[in-house]
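Notes follow once the structure below has been shown.
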Amino acid sequence: MGECIQLKIVKKTAATLAVSAVLASVAIVGSASAAETPATAPNVTASPATVEGGIFKPMTFGNKWDGTVTASSSTTSAFIVPATYGYVKMWFYNKDSKPVTISITHESGKVYYTKTINGGAQDTWLSPPDYPDGVRGGTYTVQYHSSEGSVNVQYAGFASDNKAEVK
C-alpha cells in the first residue's frame, strides 16, 4: 500500500509540474508578443527616389520644416541643413496686410537671403541660383520683422542633396 501512495504523489507532482510549465510558457510567449507589437504604428513617410547617371538614390531630402510665426513686430524660427544637403528651398506667405522683412542667416553669421514681402504676398527662395554648389550645413535662423504691422508668416522648406529637387 505504501508503493501506491508514493506513486500517487509522484503522479500528482508530475501533473503539477506539467501544468506549471504550460502556464509559464503561455505567460512568457504572451509577454514577448506584447513587447514586440507596438501600441501604435509609427507614421513613416518615404522620400521620393531618384536615378542619376544610372545610380539609384533612395533619399534626397535631408530635412523638411514648416510652420507659422506670429508676433507683434519681430520673431525668429530656425531650421537645420545637414552636411551635404546644401540645396535649400524656402517658401514664405505673409498673412498680414503690412509688409514683413525676412532674413535667413547661417550660424556663422553669413546672410543668405533678405527680402521684404508685401502683405498678402508670397515669395520662394531657391539657393542654387546664388549658391550653385549648395549652402553650408548647420543651423539657420530666420528673422521676421515688420515695422508697420504684426508678423504673421506661414513658411515651409526643405534641404536636399539633389540640385534638381530645388526648382
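The values are calculated or read from the model by the stated rules, or taken from the named source; none is laboratory data. The structure displayed is predicted, hence computed values, not measured ones. Positions of Cβ are backbone-derived with ideal geometry, glycine not excepted, and every protein chain shown enters the neighbour counts. Ligands, DNA and RNA are stripped out before the accessible areas are found, and what is left, the full protein with its side chains, is counted by its heavy atoms. Shrake-Rupley method; radii C 1.70, N 1.55, O 1.52, S 1.80 Å.
May I ask for log10 I(q)/I(0) of segment 119-167 at q = 0.15, 0.16, 0.17, 0.30 Å⁻¹, from a Debye sum over the Cα atoms as equal point scatterers with solvent left out?
Values, matching the q order: -0.56, -0.62, -0.69, -1.34.
Are there GluC sites (Glu not before Pro) in segment 91-167 that DSSP marks as loop and that have at most 14 other Cβ atoms within 10 Å, and which are they?
Filter output for segment 91-167: Glu107, Glu148.
Rounding to the nearest 20 debye, state how big the charge dipole of segment 71-134 is about its Cα centre with +1 on each Lys and Arg Cβ and -1 on each Asp and Glu Cβ. Please report the intermediate quantities before stating the final value.
Values: 5 positive and 5 negative charges, 37 e Å.
So the magnitude is around 180 debye.
Hey, rough spin-label estimate for Asp123 and Ala83, points 7 angstrom out along Cα→Cβ, what's it come to in nanometres?
Calculated label separation equals 3.2 nm.
How far, in nm, would the chain grow between Lys110 and Trp91 when pulled straight, counting 0.36 nm per residue and subtracting the alpha carbon separation? Walk me through the numbers before you get to the answer.
Values: separation 19, 0.36 × 19 = 6.84 nm, distance 1.97 nm.
The Lys110-Trp91 span can extend by a further 4.9 nm.
So with the 1.4 Å probe, I'd like the accessible area per residue for segment 74-167, rounded to whole Å².
Values: 4440 Å² over 94 residues.
For segment 74-167, the solvent-accessible area averages 47 Å² per residue.
Could you give the nm distance between label points at Ser147 and Asn63, where each point is 7 Å from its Cα heading toward the beta carbon?
So the two model labels end up 3.1 nm from each other.
Quick one: of Lys95/Lys163; Lys64/Lys95; Lys115/Lys167; Lys64/Lys163, which pairs are farther than 23 Å apart, Cα to Cα? It would help to have the intermediate numbers written out before the result.
Values: Lys95/Lys163 29 Å; Lys64/Lys95 21 Å; Lys115/Lys167 19 Å; Lys64/Lys163 15 Å.
Checking Cα-Cα distances, Lys95/Lys163 exceed 23 Å.
For Asn63, list long-range residues whose amide hydrogen, built 1.01 Å from N in the peptide plane, is under 5 Å from its own amide hydrogen.
Answer set, sorted by chain and number: Ala159.
What residue among Thr76, Phe158, Tyr93 has its Cα farthest toward the positive end of the dipole of segment 57-167, where the charges are +1 on Lys, Arg and -1 on Asp, Glu, each on the Cβ?
Value computed over the given set: Phe158.
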